[in-house]
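Please read the structure below before turning to the comments.
The values are calculated or read from the model by the stated rules, or taken from the named source; none is laboratory data. Worth saying up front: this structure is predicted, and the values here are computed from it rather than measured. A quick note on method: Cβ atoms are made from the backbone with ideal geometry, for glycine too, and the neighbour counts reach across all protein chains shown.
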């Protein structure tokens, strides 16, 4: 949610920030310079478009079993129409082109920062956007593994450990 937005609904379209333009786009430029964060995850889903069928969900998880850290940006927004508005805190995930594991499913992926880059990314005094942008690359081969999972994950009301279990896909 950019600080300058006039309406909270703008945030609905800003789930991801493209690594290629994050330093220039007005919606992300300030956050890229000053409000970087890490978004820890143990796995994430992406959906593959399949002709004449529902999208097929895939679970991406770290090959080594350790949590991942997505490059993220955060911002605080206050409604300009209110006298003393409560702050709305929001985040966005920085995305980049897909690596070999992700490419068969989707052409984009979250930027997964290796632990050695965390301090540089999080340093609030680091305003070297050129150096920071060099961190925004696809994850190295071997970082992720993928498995197809049930289309039950397509409904947020469904819960349970079976939603991360691999399924067999029909030919």
What do you reckon, is residue 125 surrounded by fewer than 18 Cβ atoms within 10 Å (Cβ to Cβ) and at pLDDT 95 or above? no
Criterion (over 13 Å from the mean Cα position of the chain (by Cα) and outside any loop (DSSP other than H, G, I, E, B)) met by exactly one of 103, 117: 117
So which residues in region 27-47 are surrounded by 14 or more Cβ atoms within 10 Å (Cβ to Cβ) and part of a strand (DSSP E or B), if there are any at all? 36, 37, 38, 39, 41, 44, 45, 46, 47
Can you name the number of the only condition in (1) under 24 Å from residue 51 (Cα atoms); (2) surrounded by 12 or more Cβ atoms within 10 Å (Cβ to Cβ); (3) touching a residue at least 40 places away in the same chain (Cβ under 8 Å) that residue 152 fails? (3)
When you go through (1) surrounded by 15 or more Cβ atoms within 10 Å (Cβ to Cβ); (2) in contact with a strand residue (DSSP E or B) (Cβ under 7 Å, 6 or more places away or on another chain); (3) more than 21 Å from residue 17 (Cβ to Cβ) one by one for residue 145, which number turns out not to apply? (1)
Scan region 59-67 and give yes if some residue there is in contact with a helix residue (DSSP H, G or I) (Cβ under 7 Å, 6 or more places away or on another chain), assigned to a loop (DSSP other than H, G, I, E, B) and either touching a residue at least 40 places away in the same chain (Cβ under 8 Å) or surrounded by 14 or more Cβ atoms within 10 Å (Cβ to Cβ) (or both), otherwise no. no
All positions within region 48-58 that are in contact (Cβ under 8 Å) with a residue 12 or more places away in the chain and surrounded by fewer than 18 Cβ atoms within 10 Å (Cβ to Cβ): 48, 54, 55
May I ask you to say which residue of 23, 71, 17 is more than 30 Å from residue 166 (Cβ to Cβ), in a strand (DSSP E or B) and modelled with pLDDT of 80 or more? 17
